[in-house]
Amino acid sequence: MQTYRGSCHCGTVVFEIEAEIDHVSVCDCSICCKKGILHFPVQDEHFTLTEGRESLSLYQFGTHEASHWFCNCCGIHTFGRPRMDPSRYTVNVRCLDDFDDIVEGALEKSFNGKQHPLDQ
Ligand SMILES: [Zn+2]
């Protein structure tokens with residue numbers, strides 16, 4: 001496992017994950033599509049919010065099962081909890097330091113969020 005550091009654009013929200021990022025996921029649901037984020041899932045024990053808890057805002061919609069956390073200063077979505085498994089986090093890989101190196105070696109998987117499995 002490697003430690004990756006991530007942050008929002010203004011640097012107020014900072015987090016770390018322990019992971020081996022071998023893939024990133026692209027979801028085509030209504031919100032992921034507009035944000036253009038790349039996902040990587042991590043369990044709670046591999047996620048640490050190191051700075052900026054007080055600056056996080058929560059956005060929820062639809063079934064309110066998923067949590068979309070963003071910095072209330074710069075607006076960047078840093079991580080969330082997905083509807084498929086709200087017990088874990090999914091971080092925005094684009095917020096990680098060394099983003100270019102990470103995606104270069106990662107496989108891209110797609111998730112059909114438009115026709116979400118929980119809606120079928
Ligand atoms: Zn920020």
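The values are calculated or read from the model by the stated rules, or taken from the named source; none is laboratory data. Keep in mind it's a predicted model, so treat the numbers as computed, not measured. Cβ sites come from the backbone with ideal geometry, for glycine too, and all protein chains shown count toward neighbours. In case anyone asks, the SASA skips ligands and DNA or RNA and just uses the protein heavy atoms, side chains included. Shrake-Rupley method; radii C 1.70, N 1.55, O 1.52, S 1.80 Å.
Leaving ligands, DNA and RNA out of it, report the carbon-plus-sulfur percent of the accessible area of the chain at a 1.4 Å probe.
Result for the chain: 48 percent of the exposed heavy-atom area is carbon or sulfur.
Checking the a/c ratio against 1.5 first, then a/b against b/c, what shape does the Cα gyration tensor give for the chain?
Taking the square roots of the gyration eigenvalues as a ≥ b ≥ c, the chain is oblate.
Per the helix-only calculation at 222 nm, which mean residue ellipticity applies to the chain, given -39500 (n - 2.57) for every DSSP H run of n ≥ 4 and division by its residues, nearest 500 deg cm²/dmol?
-2500 deg cm²/dmol
Longest exposed-loop-site-free stretch of the chain, with GluC sites (Glu not before Pro), DSSP loop and at most 14 other Cβ within 10 Å?
After excluding every exposed loop site, the longest remaining stretch is 66-120.
Using the heavy atoms of the protein chains alone and a 1.4 angstrom probe, what is the accessible area of the chain per residue in square angstrom?
Dividing the accessible area of the chain by its residue count gives 57 Å².
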